[in-house]
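I have placed the structure first, in the form of structure tokens, so that the comments after it can refer back to it.
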Amino acid sequence: MGLCVFENSVLHQPVTALRGVGEVLAEKLAKLGIVHVLDLLFHLPMRYQDRTRIYPIASLRAEQEVLVEGEIESTEVVNRGRTMLLCHINDGSGILTLRFFHFTTAQKYSFAKGVRIRCFGEVRQAGFKLEMAHPEYRLLAGNDPVPLENTLTPTYPTTDGLQQRTLRRLIETALLHVDELVDLLPENVVRQQRFLPLGECLRKVHTPEGNPSPTLLLSGEGVARRLVFEELLAHQLGVQQARHELKQVLAPAMLETNHFWEKLLRALPFAPTNAQARVIHEITHDLQQTTPMNRLVQGDVGSGKTLVAVAAALHAIANGFQVALMAPTELLAEQHYQNLQRWLEPIGVETVFISGTQTPRQRRRKVENLLLGIGHIAVGTHALFQNTVEFLQLGLIIIDEQHRFGVHQRFALREKGKQGDHYPHQLVMTATPIPRTLAMTAYGDLDYSVIDELPPGRTPITTVALSNERRDEVIERISAACHEGRQVYWVCTLIEESEALQCEAAEKTAETLRERLPHVAVGLVHGRLHANEKESIMRQFKCGELQLLVATTVIEVGVDVPNASLMVIENAERMGLAQLHQLRGRVGRGSVASSCVLLYQAPLGKTARKRLDAMRTTTDGFRIADIDLELRGPGEVLGTRQTGDVRLKIASLLRDQHLLPTVQVAAREIVAQYPERVAMLTQRWLQRVGEDTATRFFQS
Ligand code: ADP
Ligand code: MG
């Protein structure tokens, strides 16, 4: 049986079978994992825009994305640090400001008093007023009513050069064949759950009729419930499969005692915490087996994951194997390299640093050493697994801060490290706190350990939430901290839609702080700097040449500057708890008392207030993860889709976790009674971006 009722259904065919789809378009679609016509049906909207009705200005609330129509009352060009155009419109119920950071003179003159304008955009709070920044708009001539859309407009995940319009058209074509899909759920599940037919659910999600609430459509309730269920099921089957496959392959059993670790322990100024010792024990047990270790170690920021990684590495090395330690950025790789070097050189273990920025000549010796087995442990970014780097006997791969690496990369790496018919062991470390029940599903293909204890002697971080109006006090505080020789982070978070605008905002902040703090050495990093520029500034901050670092959220992961003891986070009210926690983890790493200032724009919404309260009252990552879960009601759809490295189209592991027990039962039933459906379900639902090992893994 194929995926459809009709073996020859167009759903089976490559997308090029559709009219107007040539090679170029097919390639773009492939980037989204859309290869066959069928895949279009399962490319689900990430949100909807409601252009079906016009909202009265008086009824608007911040964060709504709405259509508004009014008459232009006045237009002005103002200069608040940068030039912008403000256009005030009135619809009889209230006044709304449109804000343009980029505009042309022609545009300015077209916004004449009395002209009618219809605009679509996100409403935001600016002080006590509401505004829209860069709305889509059209000026309405005459008094003829301009028609509105009839249905909600889906917005799909897309890729460069592929327009929403094109995607919508193709998906609509595919929908003509939606009833040719076979129902892969066991009948009793469909009955028990009172699911509507799959085709109907897909149709309603892609082309919602009768204007249901967009939130509901994506909430995991109503028609979406079945889709959520199927996706979780496919995911569960996928990870089970991967786990099963992995138990069928071989890995070197490392039975020798870890004499290097014993040596290191004698030299270390501290003893491992109980939690570290337990996790090291679990890892050692895995490494002694003849099947590959595949373990996730979760430990809050500062819990000492590096030491655990080192223990694992030394075990492999004591058994005559080499180790690859991979970090998500060059800076973190270098930081690991320096720590490892310090710890390992005295005990005769050779660490090799492979950097993407080394010239071939600089690299040659290092690469040779790895090939000859003289280098024991290689540290680097994914550059480690590109081209020229080869090992004599790679026995263990360690991936740090893995949420930057996708599940696909993890599989690909394992393939790369394969020697003969033996696969290397794999250890993944993450600071992302995920409640335990979820971890079992989110990382179902991995065994799971947790370092649930911080090393002793940390001074807790004091966190305060301050309204923007008290910015001056905060700047005073920075001045005082720098005067005492401490270092400070100032984090500018996303308030602008685009990265470009965000970087501009960070530049502006850095400028202001430079003016206000003439005696302080201020540096700036943001996403638009070249990698080497970024690294060089980070390095200057690390070595103390810079005292204040203004940064966008690029500094979120792993950076360790123990002397930095004050962090200011702007627009904290707009950020998720998990991210705030990650950011804050950059301070509190040394022996001086650290503090974190959360700056917010009053007035605070209810959820925002609870989030900030949580940040003030606890620094425990697991506690924060739980609160995060509580605060994310079903209404909050965006941003909850991603947990760890699992990419889901419509389900959310957090929001939909109550379904997991039923999903697991259904998964067992399918494996036992309909084994041929496993591949079909995973093929329908799991993202296949590029044809890599993971895909084959999931589908074999
Ligand atoms: P993370 O889990 O965030 O990666 P690190 O491995 O960077 O944490 O460790 C944070 C700091 O704690 C490092 O300076 C490390 O040397 C130190 N550390 C690790 N384990 C212990 C321990 N058992 N006792 C005291 N300090 C420790
Ligand atoms: Mg770390």
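Neighbour counts of other C-beta atoms within 10 Å: give me Leu232, Leu268 arranged from fewest to most.
Details: Leu232 27, Leu268 12.
Listed from fewest to most nearby Cβ atoms, that is Leu268, Leu232.
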- Note on the structure: For Gln49, the residues 5 or more places away or on another chain with a placed amide H closer than 5 Å to its own amide H are Thr153, Thr155
- Query: Residue separation times 0.36 nm, minus the C-alpha to C-alpha distance between Glu73 and Glu262: what's the value?
  - Reply: 60.3 nm
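Between the DSSP loop rule and a limit of at most 14 other Cβ atoms within 10 Å, which GluC sites (Glu not before Pro) in the stretch 125-230 are left? Intermediate results must be reported in sequence, preceding the final value.
On the way: sites: Glu131, Glu136, Glu149, Glu172, Glu180, Glu187, Glu200, Glu209, Glu221, Glu230; in loops: Glu149, Glu209, Glu221.
Qualifying residues, ordered by number: Glu149, Glu209, Glu221.
Given the -39500 (n - 2.57) contribution per DSSP H run of 4+ residues, what per-residue ellipticity at 222 nm results for the chain, rounded to the nearest 500 deg cm²/dmol? Let's see the in-between values first.
Values: 24 runs with 263 residues, N = 700.
The helix contribution divided over the chain gives -11500 deg cm²/dmol.
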- In debye, nearest 20: dipole of the chain around its Cα centre with unit charges on the Cβ of K, R (+) and D, E (-)? 560 debye
- Amide H partners (placed H, <5 Å) of Cys596, local residues excluded: Thr462, Thr463, Val464, Met567
- Ordered by packing density, taken as the mean number of other Cβ atoms within 10 Å over each peptide's residues, highest first, how do 505-512, 73-80 rank? 505-512, 73-80
- Charge dipole of the chain about the Cα centre (unit charges at C-beta), most positive-ward option of Val671, Phe270, Phe103: Phe270
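Where does the stretch 33-152 land on Rg(C-alpha)/(2.2 N^0.38 Å)?
Its radius of gyration relative to the 2.2 N^0.38 Å reference: 1.24.
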- Karplus-derived 3J(HN,Hα), 6.51/-1.76/1.60, for each residue of the stretch 352-365, Hz, glycine and proline x: 10, 9, 10, 10, x, 9, 5, 6, x, 5, 4, 7, 4, 4
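Based on other C-beta atoms within 10 Å, arrange Val24, Val308 from fewest to most. Write down the numbers at each step before the final one.
Values: Val24 9, Val308 27.
Going from least to most buried by this count: Val24, Val308.
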- Gln192 to Ile374: extension gain in nm, 0.36 nm per residue of separation minus the Cα-Cα distance? 59.4 nm
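Among the GluC sites (Glu not before Pro) within the stretch 520-607, which fall in a DSSP loop and have no more than 11 other Cβ atoms within 10 Å of their own Cβ? It would help to have the intermediate numbers written out before the result.
On the way: sites: Glu533, Glu535, Glu545, Glu556, Glu570, Glu573; in loops: Glu545, Glu556, Glu570.
Here the sparse-neighbourhood loop sites are Glu545.
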- Using Cα positions and a limit of under 19 Å, work out the lysines in reach of Lys129, with same-chain residues fewer than 8 apart set aside. Lys606
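Quick one: Arg82, Arg655, fewest Cβ neighbours within 10 Å first, how do they rank? Display every interim value, and only then the final one.
Values: Arg82 11, Arg655 21.
Fewest-to-most Cβ neighbours within 10 Å comes out as Arg82, Arg655.
If R0 is 22 Å, what FRET efficiency do you get for Glu27 and Glu172 from their C-beta distance, rounded to 0.05? The partial results should precede the final answer.
Numbers: r = 21 Å, r/R0 = 0.96.
Calculated value: 0.55.
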- Site Val115, offset 7 angstrom along Cα→Cβ, radius 19 Å on amide nitrogen, limited to the stretch 42-82, gives 68-78
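Every number here is computed from the coordinates shown, using simple stated rules; none is lab data. Note that this is a predicted model, so its numbers are computed, not measured. As a convention, Cβ positions derive from the backbone with ideal geometry for all residues, glycine included, and neighbour counts pool all protein chains shown.
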